[in-house]
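Below is one structure, written out as C-alpha cells; comments come after it.
Throughout, read-outs are computed from the coordinates displayed, never taken from laboratory work. The structure presented is a predicted model; accordingly, all values stated were derived computationally and were not measured. Ideal geometry is used to build each Cβ from the backbone, glycine not excepted, and the neighbour counts take in all protein chains shown.
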Amino acid sequence: MSSEIRFTDFKSDKQPTWCPGCGDFGTMNGMMKALAETGNDPDNTFVVAGIGCSGKIGTYMHSYALHGVHGRALPVGTGVKLARPDIEVMVAGGDGDGYSIGAGHFVHAVRRNVDMTYVVMDNRIYGLTKGQASPTSRDDFETSTTPEGPKQPPVNPHALALASGATFIAQSFSSDALRHQEIVQRAIEHDGFGFVNVYSPCVTFNDVDTYDYFRDSLVDLEETDHDPTDRDAAKDVILDSEKEYQGVVYQDESSVPYTEQHGMDADMSDIPAGAPENATDLVREFY
Amino acid sequence: MAADFNWAVGGEAGDGIDSTGKIFAQALSRSGRHVFTSKDFASRIRGGYTAYKVRTSVDKVQSVVDRLDVLIALTPRTIDENLDELHDESVVIYDGERTTMQNVEIPGEMTGVDVPLKRLAEDAGGAIMRNVVALGAACAVADFPIENLDSALEKRFGDKGQKLVDNNKEAARAGRAYVDEEYDHEFPYELETTDEDYVLLNGDEAIGMGAIAAGCRFYAGYPITPATDVMTYLTGRIEQYGGHVVQAEDELSAVNMALGAARGGARAMTATSGPGIDLMTETFGLVATSETPLVICNVMRSGPSTGMPTKQEQGDLNHMLYGGHGEVPRFVLAPTTIDECFWKTVEAFNLAEKYQLPVYLTADLSLAVTEQTFSPETFDMDAVAIDRGFVVDESTVSDHQTESGGFKPHALTDDGISPRALPGTADGAHMSTGLEHDEQGRRTEDTDMRVEQVDKRNRKVETAETREDWSPREFGDPDADTLVITWGSNEGALVEALDILGESGIDVRVMAVPYVFPRPDLSAAIEAAETVLVVECNETGQFANLIERDALTRVERVNKYTGVRFKADELAAEIRSTLTGAVEA
C-alpha cells in the first residue's frame, strides 16, 4: 500500500445489499474515513464482524477481516489484537450481536480494555430476520414476535459499559457523517477499548427510531458543558433514560490498555523454524 | 523384568496427599527408578477420600496394577478403599496416636507400622510435616536411601528457605529412625537405585511443553477438569517465550480468541474437556470453513453432561469426528502415551498450519493426571521442526491474486491447500467468513463455486493422507492370530498385558492408533487375524464402529451438496448410471 491512503481504499468491490437508506451505509463510511484519517491502511487493519445486517460490513470493506459467528466478534478481535499488537483492530456488530447473544463477551471485553475499537450499529430492531424486537427496542415496540411490545426495558449499553469499567464510551448518529467520523476516530485513538454505539436507523422495519426521531431528539454533548473525563457526570447522562445524545460521554485519560498491563508487545506470528531457544530448560524443570 | 513396587498415600482432601505423593515420586525418579503415578480423587460417597499412587521399577512402567505393597493411611477409610489391592506382605504405615486411627485394625496377615507422625513432626519443627515423617518411615520400610528424598524436598521447599528444607529433612529422618528402631528391618522390600537420570511429568504438562516447543504463542482457555493443568502449566512459562495466556469468560470466548490469534498469524491453542467442547462446537465450523489453523485440545473425562468429572472415559470420539452442523474436514489426533502427548502436540500444530484446518488433539483423564518417568532425551528440542505451510510474503503475494488484485485465500488448487497471507502482508488483505465463499473469501451462493469449495476443503484430507505418515504403533507378535486394536491412553496397559498373556502362551498383535482422522487403513491386518478386539474406555465402541466400517464393502453413494434439493429425473439418472457402471464392472 502506498502512503497516500484514501478512505475508498477500505471499500471492497462488493456492492452492499443493505436496503436503500439504511443507516449502515453512513456508519461504514465514517469507519472507513476514520481508519484512513488515523493513518491506517487495509493491510494493517483487521475488521471483525458479527452476524446480522451489521455483520455484512466485513464483506463491503477491504481489509484483513473475519466474519464470525453470532455474538462472538469481540473475543475474535481480542485474539487478533493480543497476537498482533501492530495491527489496528476494529470490531463491528449490531445491537443483537453485541447486547443479546454477545452480551456476556461485551462485559468482559470492556473489563479487559484491549486496545481496539468496537462499533455497534444500533437500529433497535432485528432487520435481517425481518423485524423482531432487539435488546435495545423500546418496551412498547410492536413486532411480529412481540405484538404488544417486549414489555421489558431496553438494555442500556452505556450503563453496562460504565459499570464494567469502560475507559471510552461514546455514541454517534450515522446520518451526522462528520460527527460520527470524528467520534469513531477518537475511539481509534483511545489507548484501550474504544466503544461507540452508533444510531444506525433501519428504514424497513423500525418506524419509531427513525432518522427524524434522532434528528429531533439528539443532543450533542460537545455543545453542552459535559466533561467526558468526569465519571459522575457521565453516569448522570448515561442513566437519564429520556435523553438521546451523541458524543464522547466518558473517557479515562489514564487508561492503560491490556497489552501494556501485561507487558506484551511481541508479534506472535513471528516464530523460529524449530523449538525456541532455551526450550530445553522446560525439560530440565521436570528433573 | 525387575519386580515392581507399589506405594500409596491416602487420606482426606486437604491432607496434602498430592504433594506428599509427588515428593515420593520425585525421590524415586531422582534415584534412577522408573515411576508411574495415578490419583484417586473419588467423591462417590461422603467425605473427600483421595489417594496418590506410585508404581516404580528399575524397568519401564507404563500402567497401574491391582497391588499395593506399602500404604500410608492417614484415615481408616484409606485402608478400606484399598483392601482389594493390599496383600499379606503389605505394610500399612499409620499414626496410632491420631484420634481417628486409635482403634484401627490392620487386616489379615499384613503388617501395621504405627509411627507417631504428628509427634515426631512437632519435634522436628511443626505438625504440618507429619506426612514427611511418614515418607521417612516409608523409606525405612522400603529400604530406600533417604538422600533421594532430600533432593525432592529441596525441589519442593527450596524457594521457601533453607530452614524449612532442613526441618523437613529432619522430619523424614525422624520417621526413618523410628521405624528402624521399633521394627528392626523385618520388611520384604528393597528399592535399588540406578545412575539413570529421568524427568517426571504428566500428560497435560507434556501437551503444554509441546505447545511452547511448537511455537504456540497464544492460549485462551476456561478452567475445567482435567484440562486445567495445560493452562496452569503454560501460565508463567509461555510468557518467557513471547506468548500469553488469557483466562476467557467461557469456552465460547476462549475458542474465538484462539481463532482470532490464529487469524493474526500466531500458533494458537485452547484446551478443554467435554462440556467445553460442546460450547466450542458452535465456532468449530467457522474455524474449519474459514480454513484457520487451530489446535483444540480435548482432555476427555466421563460424560455426558457433567458426568463424572474426575473419572476416565474416551466418550467424545463421535463428537470430535462429527460435531457441528454441516460437513467440514478436521483432523483428530490421540496420543497414546505421555511422551507422545508432547510429540503429537508438535505434530498437531504443523498439521493445522500445513492443511489450514482445526486439529483436535485429544488426551484423556488418565493421560492428563498421570505422571511418568522418561529419559530427558525423549523430549529432544533439537528434533522439533516447525512447518508453517503455504504462507505468502510480500514477494510472492502477487502470484495469488485475481486480475484486479484481490488476494485468493481460498484459491482452488490441485492439492486443496490455498495460500495464506498473514495480516500486515502488503496487498494480502482479504476477508474470511463462515459463509460459503469464493476464492477471495467473499460470500457466494453460486452452486458451482459451492461445490468447488467443498471439494477443495475435502481435497486437503486426500493430500494429507498421501503426504503424511498415519501409521499405528505396533507391539507384540506381528504374526499372531489375535489382533487387539486400541486408541489413546490404553496403550501402556495393553503393552503390559502382553507380558502377562505371554506367560500363559497367548500371542497377541497390538496396534495402538494415535490418528483417529485421518487414520491408518487396518483392513489388511484385520483380514489376516482370526480374532479382532478393539479396546476403548466407552460403552458403545465408537472406535470399533469406525474400524468395522472401514473393513466393510462400500455401498455406492449418491451425494449432492450444491444447496439445491434432489429432483426426480436427476435421481433416476444417477441410479441408472450407477447400475450401468455396476453391470459393466
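Structure data summary
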quantity	calculated
Residue (of A:THR280, A:ALA92, B:ASN168) at the positive-pole extreme of the protein assembly as shown, dipole from beta-carbon charges	A:ALA92
Cleavage-rule hits (trypsin sites (Lys or Arg not before Pro)) in the stretch A:196-276: DSSP loop, at most 16 neighbouring Cβ within 10 angstrom	A:LYS243
Under Karplus coefficients 6.51, -1.76 and 1.60, residue-wise ³J(HN,Hα) of the stretch B:556-568 in Hz, glycine/proline x	6, 10, 10, 10, 8, 9, 7, x, 10, 5, 5, 10, 4
Fewest-first ranking of A:ARG124, B:ARG459, using other Cβ atoms within 10 Å as the exposure measure	B:ARG459, A:ARG124
FRET E, pair B:ASP159, B:PHE475, Förster distance 56 Å, beta-carbon r, rounded to 0.05	0.85
For the stretch A:4-69 versus the stretch A:141-163, the gap between their alpha-carbon centres in whole angstrom	27
Formal net charge of residues neighbouring B:GLY303 (Cβ-Cβ distance under 12 Å; K, R +1; D, E -1)	-3
Under 21 Å from A:LYS151, Cα to Cα: lysines that are on another chain or at least 8 residues apart	A:LYS130, A:LYS243
Backbone HN-Hα couplings from phi across the stretch A:248-256 [Karplus 6.51/-1.76/1.60, Hz, Gly and Pro as x]	7, 8, 8, 9, 8, 6, 9, 4, 10
Helix axis angle, A:177-189 relative to chain A longest principal axis, alpha carbon, degrees	30
Spatially proximal lysines relative to B:LYS560 (Cα-Cα < 25 Å; intrachain offsets below 8 disregarded)	B:LYS456, B:LYS460
Amide proton proximity set for A:TYR118, modelled H, under 5 Å, gap of 5+	A:VAL91, A:GLY194, A:PHE195, A:VAL196
Qualifying trypsin sites (Lys or Arg not before Pro) in the stretch A:1-58, DSSP loop, other Cβ atoms within 10 Å at most 16	A:ARG6, A:LYS14
Computed over the stretch A:1-89: relative contact order in percent, which uses C-alpha pairs under 8 Å that are six or more apart	30
Diffusion constant of the stretch A:1-120 at 4 °C, which comes from Stokes-Einstein with the Kirkwood Cα-pair radius and 1.567 mPa s, µm²/s	91
C-alpha center-to-center spacing [the stretch B:66-108, the stretch B:383-409] in angstrom	65
Nitroxide proxy distance, nm - points 7 Å out along Cα→Cβ at B:VAL65 and A:ALA159	6.8
Over chain B, relative contact order from alpha-carbon pairs under 8 Å, at least 6 apart, %	11
Built amide H within the under 5 Å cut-off of B:HIS437, gap 5+	B:THR444
Interatomic Cα distance distribution for the stretch A:7-284, bins of 5 angstrom, percent	1, 6, 13, 17, 19, 17, 11, 7, 3, 2, 1, 1, 1, 0
For B:LEU294, distant residues with modelled amide H under 5 Å away	B:LEU357, B:VAL359
Crossing angle, helix B:162-183 versus chain B [Cα axis fit, 0-90 degrees, rounded to tens]	60
Contour excess over end-to-end distance, with Cα ends at B:ASP414 and B:ARG557 and 0.36 nm allotted per residue	49.1 nm
Where GluC sites (Glu not before Pro) in DSSP loops with at most 11 other Cβ within 10 Å are excluded, longest remaining stretch of chain B	B:191-402
Lysines with Cα under 18 Å of B:LYS311, excluding same-chain neighbours fewer than 8 positions away	B:LYS39, B:LYS53
Whole-Hz ³J(HN,Hα) from phi, Karplus 6.51 cos²θ - 1.76 cosθ + 1.60, for the stretch A:26-34, glycine and proline x	x, 4, 5, 4, x, 5, 5, 5, 5
Loop-located trypsin sites (Lys or Arg not before Pro) in the stretch B:536-582 whose Cβ has at most 11 other Cβ within 10 Å (DSSP)	B:ARG554, B:ARG557, B:ARG565, B:LYS567
Label-point separation, A:THR8 to A:LEU178 (7 Å along Cα→Cβ), nm	2.2
